[in-house]
Amino acid sequence: MNGTGIARRAATAALCAVLAGGALAACGSTSTKSGSSGGASGGNASGGSSAGAATKPKSGLKVYFIPKDTQNPYEVLADKGGQKALSELGGSVTVSSGTADTAAAQLPSIQAAIQAKADAIVIAANDPSALCPSLNRAAKAGIKIVAFDSDISCGTSPSHLFINQADTKTIGTSEVDLLAKQIGSSGQIAILSAAASATNQNAWIKYMKTQLTKYPNMKLVSTVYGNDDPATSLTVLQGLLSAYPNLKGIISPTTVGISTAAQYLSTHPSVAKKVTLTGLGLPSQMRKYIKDGTVTSFELWNPSNLGYLAGYAAAWLASGKSLANGTTFTAGSLNKTYTISSADGGLSVVLGPPTVFDKTNIDQFNF
């Protein structure tokens, strides 16, 4: 989830070194096709194809969605959003990645996309730089690169678009504000993050630390990493609670981390009375913890919409839309025109602001 002060790249720079070695087989791959399937790079156009001149996306596009892993519920929802987008456009999506949040698990899927002559790759990076050589090879083969949820940071290439779930600064600062409101702006707090290398997590944490300067009586005592794995998240959570008996609050900017922590607190009411939990979560996973009082409020955007927007962006770029500051495109049922903007040295599109969920509105959301 997934943002951000993240360095991105200029489209005119030279390609980096590429991975050497033989072909790799994709792991954890599933495929969903709708309408006209197939269509290698530069498939049948139903609109303009010159740079910046596309009037609507091509049909028959093949897009590879490479999530952080194939088992994370958040990533599954985002991938389904991408599948919906390409289905509307008469294209196909192949979802392929590993079951662990590592760059190594994603590399075979990038190679598979190259071998399949995909039109675009949409990837949530587990590492900002380790994927760059392989993605450069894909770009050199004519595949458009879109990052979503968690960006890549490859220096000058490949040229790519980042689909940001929400303004990065807003995500980081709002989570601190939520917790401050609930604990009276005072006490020891900790962060339960995903992978230590996750671009979005680190960017949000950067802004959390900046926002904490506005709350001098709140002290960040530790940041731990659960790698978006429930067992690991539980282990590091228990370590936090043991190491800091006076801990008053936890921010977990990851759906796996916050749901794991909420489950633990719900079964340890004596701990829940002392420790306040907030962060980024799925309403479907957090509803019971909101209703039983374990968690007061948390926030998120709609991950399905994020994947849907990324799917449309990939289709537009593969159809000839210019990857440039100021380029606009529409995204189907989202009923909005999105503008590519230059921020922090790169090009991005923002889905929209996060929503805060609590007892007053949790039943209105089903994702």
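The values are calculated or read from the model by the stated rules, or taken from the named source; none is laboratory data. Keep in mind that what you see is a predicted model, and the values were worked out from it rather than measured. Ideal geometry is used to build each Cβ from the backbone, glycine not excepted, and the neighbour counts take in all protein chains shown. These area figures cover heavy atoms from the full protein model, side chains too; ligands, DNA and RNA do not enter into them. Shrake-Rupley method; radii C 1.70, N 1.55, O 1.52, S 1.80 Å.
Taking segment 207-226 as the range and being in a loop (DSSP other than H, G, I, E, B), surrounded by 14 or more Cβ atoms within 10 Å (Cβ to Cβ) and hydroxyl-bearing (Ser, Thr, Tyr) as the test, only Tyr215 passes.
The combined condition, being surrounded by 19 or more Cβ atoms within 10 Å (Cβ to Cβ) and in a helix (DSSP H, G or I), is fulfilled by Gly172. Any residue at all in segment 137-147 that is in a helix (DSSP H, G or I) and under 21 Å from Ser348 (Cβ atoms)? Yes: one or more hits. Every condition in (1) more than 17 Å from Ser197 (Cα to Cα); (2) open to solvent by less than 20 Å² (accessible area, probe 1.4 Å); (3) not in a loop (DSSP other than H, G, I, E, B) is met by Ile114 except one, and the failing one is (2). Looking only at residues of segment 184-204 that are outside any loop (DSSP other than H, G, I, E, B) and open to solvent by 10 Å² or more (accessible area, probe 1.4 Å), we find that the one that is farthest from Gln106 (Cα to Cα) is Gly187. Taking (1) open to solvent by 40 Å² or more (accessible area, probe 1.4 Å); (2) modelled with pLDDT under 50; (3) within 20 Å of Lys321 (Cα to Cα) in turn, Ala53 satisfies each apart from (2). Kindly evaluate Leu280 against the criterion of being of a type outside the set (Ser, Thr, Tyr), within 21 Å of Gln182 (Cα to Cα) and in contact with a Pro (Cβ under 9 Å, 6 or more places away or on another chain). Spelling it out, Leu280 is indeed of a type outside the set (Ser, Thr, Tyr), within 21 Å of Gln182 (Cα to Cα) and in contact with a Pro (Cβ under 9 Å, 6 or more places away or on another chain). Among residues of segment 237-255 that are among the aromatic types (Phe, Trp, Tyr), those with a beta-carbon under 7 Å from a residue that is crowded, with 20+ Cβ neighbours inside 10 Å and modelled with pLDDT of 95 or more at least six positions away or on a different chain give the pairs Tyr244/Ala190. For segment 323-361, the set of residues classified as open to solvent by 30 Å² or more (accessible area, probe 1.4 Å), of a type in the set (A, V, I, L, M, F, W, C) and assigned to a loop (DSSP other than H, G, I, E, B) consists of Leu323, Ala324, listed by residue number. When you scan segment 117-127, do you find a residue that is over 25 Å from Met286 (Cα atoms) and surrounded by fewer than 23 Cβ atoms within 10 Å (Cβ to Cβ), even just one? Looking through segment 117-127, at least one residue is over 25 Å from Met286 (Cα atoms) and surrounded by fewer than 23 Cβ atoms within 10 Å (Cβ to Cβ). Among the residues of segment 206-243, just one is touching a Lys or Arg at 6+ places or on another chain (Cβ under 8 Å) and of a type in the set (D, E, K, R), namely Asp228.
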